[in-house]
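Accompanying notes for the structure given below.
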Amino acid sequence: MTDSNDNKPVIAAKTPAVMKLGAGDYWWCSCGRSSKQPFCDGSHKGTSFQPHKIVLEEEKKVALCNCKHSGNGTYCDGSHANL
Ligand code: FES
């Protein structure tokens, strides 16, 4: 079921997910509805959101957006401070 709220991201947290990820592919949750933040668990189904793929060639420390309002997509740009 869809309603107007399905077109707005849910703020999962107002702090980024700072973590070290190994080389590989990851799916970042853009809708904020996943219970496995910051990664997609399929909860976007029925909304206008799709997960964003992250491809890492090597181990990297990242700050992934949890507020889902970053202008930098997957990565935190500090936008959570204005929410
Ligand atoms: S659960 Fe949020 S994008 Fe998949």
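For this structure, a couple of remarks:
- Per-residue HN-Hα couplings for the range 47-52 [Karplus 6.51, -1.76, 1.60; θ = phi - 60°; Hz; x = Gly/Pro]: 9, 8, 9, 9, x, 9
- Distances between placed amide hydrogens fall under 5 Å for Leu64 paired with Ala17, Val18, Met19, Cys76, all partners being 5 or more residues away or on another chain.
- The lysine pair tally for the chain, using Cα distances under 24 Å and a gap of 8 or more places or different chains, is 25.
- Calculated accessible area for the range 21-74 comes out at 54 Å² per residue, all protein chains present (probe 1.4 Å; ligands, DNA, RNA ignored).
- Computed magnitude of the charge dipole of the range 21-74 (debye, nearest 20; Cβ of K, R +1, Cβ of D, E -1): 280
- Carbon/sulfur fraction of accessible area - the chain, other protein chains in place, 1.4 Å, %: 49
- Stretching Asn72 away from Phe39 to a fully extended chain increases their span by 10.2 nm, per 0.36 nm per residue minus the current alpha-carbon distance.
The values are calculated or read from the model by the stated rules, or taken from the named source; none is laboratory data. Here the structure is a predicted model, which is why all the values come from computation and not from measurement. Cβ sites come from the backbone with ideal geometry, for glycine too, and all protein chains shown count toward neighbours. All accessible areas refer to the heavy atoms of the entire protein, side chains included, with ligands and DNA or RNA removed. Shrake-Rupley method; radii C 1.70, N 1.55, O 1.52, S 1.80 Å.
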